[in-house]
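The values are calculated or read from the model by the stated rules, or taken from the named source; none is laboratory data. The model shown is predicted, which means the values in this text are computed figures rather than measured ones. Here the Cβ is made from the backbone with ideal geometry for all residues, glycine too, and neighbour counts use every protein chain on show. For the accessible areas, the whole protein counts, side chains as well, though only heavy atoms, and no ligand, DNA or RNA atoms are used. Shrake-Rupley method; radii C 1.70, N 1.55, O 1.52, S 1.80 Å.
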Amino acid sequence: MKMLLICAGGMSTSMLVKKLEKYAAANGIENFQCEAHGAGDLPEIYKDWDVVLYGPQVSNRAEFFRETVGPDFPLGKIEPPDYAIGNCEKIFKLAYKLMGK
């Protein structure tokens, strides 16, 4: 799975990327790739990813994100409590749900 995380600048979410990578390795999730990028990068890179999740700090741009990726692309918001504590289990569940798995 290739998971793209979108936040305001890509900085704070980099910590979440590390937690997700560690969780994936510990739970046998193979071929997991994850990166954090700022919202402005989305139009140029989203097609290279299986799922795009955005942090609560950029949820005010949800309409822009949806318009950018189209109606059928797996896109979702990480809920504030899950983002704040890095609840990897819930974040993976969200990603799989969005991908129809």
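Remark: pairs (first residue in segment 17-45, aliphatic (A, V, I, L, M); second residue open to solvent by 80 Å² or more (accessible area, probe 1.4 Å); Cβ separation under 8 Å; 6+ apart in sequence or on different chains) = VAL17/GLU35; ALA36/MET11; ALA39/ARG61. Within segment 68-75, is even one residue touching a Leu at 6+ places or on another chain (Cβ under 7 Å), closer than 19 Å to ALA8 by Cα and β-branched (Val, Ile, Thr)? There is at least one residue in segment 68-75 that is touching a Leu at 6+ places or on another chain (Cβ under 7 Å), closer than 19 Å to ALA8 by Cα and β-branched (Val, Ile, Thr). Do you know which residues across segment 3-21 are small (Gly, Ala, Ser) and either closer than 18 Å to SER59 by Cβ or open to solvent by 80 Å² or more (accessible area, probe 1.4 Å) (or both)? Listed by number, the residues that qualify are ALA8, GLY9, GLY10, SER12. Of the residues screened, LYS97 is not one that is closer than 20 Å to GLN33 by Cβ and not in a helix (DSSP H, G or I). With respect to the stated conditions, ALA24 fails to be modelled with pLDDT under 95 and surrounded by 12 or more Cβ atoms within 10 Å (Cβ to Cβ).
Among residues of segment 1-21 being part of a loop (DSSP other than H, G, I, E, B) and at pLDDT below 95, the one that is nearest to LYS47 (Cα to Cα) is GLY10.
Within segment 80-91, residues that are at negative phi and of a type in the set (Phe, Trp, Tyr) have Cβ atoms under 9 Å from residues that are surrounded by 18 or more Cβ atoms within 10 Å (Cβ to Cβ) and assigned to a helix (DSSP H, G or I) in these pairs: TYR83/THR13; TYR83/LEU16; TYR83/ILE91, counting only partners at least 6 apart in sequence or on another chain.
Inside segment 74-97, residues that are open to solvent by 40 Å² or more (accessible area, probe 1.4 Å) and under 15 Å from LEU42 (Cα atoms) make up a count of 1. Note on segment 41-63: residues that are open to solvent by 60 Å² or more (accessible area, probe 1.4 Å) and part of a helix (DSSP H, G or I) total 9.
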